[in-house]
Amino acid sequence: MLTVPKGRTIEQMVAAYKRNPNVAFAEPDYTVSACLTPNDPYYAGQWGLPIVHAPAGWDIATGSTTLKSALDYASSRGVVLVAAMGNSATSAPFYPAAYPNAIGVGSTSKAALSSFSNYGTHAELVAPGESIHSTFPGNRYERLSGTSMATPFVSGLAALMLGVDPSLKSDALRTILRQTASDMGDVG
């Protein structure tokens, strides 16, 4: 984390770092308050956060070496990575959910995979993702649907599990999540 010197803009600093051959990745990461979700995948490992919920800001269809490197780094530090599968009703990989160290989460209705939810062998878990009551701009609530609405259920459960047993390692936590989930049929 760097402080922008007086008289320089964030954009100028990022441009300078991008020109530096010793810097592999430079993007702004604004810290506003303790309740934000930073856009820097390395944030969790640097600050010792045990769980990362990867919202739509990371949802990409092609993956990248930078993103994979960041997730590998966080995973090597024991971070539980939970990512939305995407809402295109396809089995095509969707990143970061398709990376092996991420728990890819699809969306369900009451008893079946949601019609919009991505699926495939990289889908590890599903959770309720249709008509979820959520906060919305303008100081109001709306009912929203999507795999990004399902993912917080898995992230929250993982956090509760770590609250009960803080010594639980990410691989063990992931195994418990899989083994205790209700089987909804064939993989994918």
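Values quoted throughout were computed directly from the atomic coordinates according to the rules given, and no laboratory measurement underlies them. No experiment lies behind these values; they were computed from the predicted model shown. When we count neighbours, we look across all protein chains shown, and the Cβ atoms used for this are built from the backbone with ideal geometry, even at glycine.
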Residue-by-residue Karplus 3J(HN,Hα) for the range 11-27, coefficients 6.51, -1.76, 1.60, Hz, glycine and proline x: 4, 5, 5, 4, 4, 4, 5, 5, 7, 6, x, 8, 10, 7, 8, 9, 9
Spatial extent of the range 73-153: Rg and Dmax, with the Cα atoms as the point set, Å: 13.2, 39
Burial order of peptide ranges 93-105, 69-81, 9-21 (average beta-carbon count within 10 Å, highest first): 93-105, 69-81, 9-21
FRET E, pair T121, A26, Förster distance 25 Å, beta-carbon r, rounded to 0.05: 0.15
Estimated distance in nm for a label pair at I176 and S134, the labels positioned 7 Å out from Cα along Cα-to-Cβ: 2.7 nm
Amide H partners (placed H, <5 Å) of T90, local residues excluded: N118, Y119
Vicinal HN-Hα couplings computed from phi for the range 89-103 (Karplus, 6.51 cos²θ - 1.76 cosθ + 1.60; Hz; Gly/Pro x): 6, 9, 9, 4, x, 9, 9, x, 4, 7, 6, x, 8, 10, 8
Residues with amide H under 5 Å from that of Y95, placed H, sequence gap 5 or more: I60, A61, T62, G63
Full-extension gain in nm, I10 to E142, via 0.36 nm per residue minus C-alpha separation: 44.1 nm
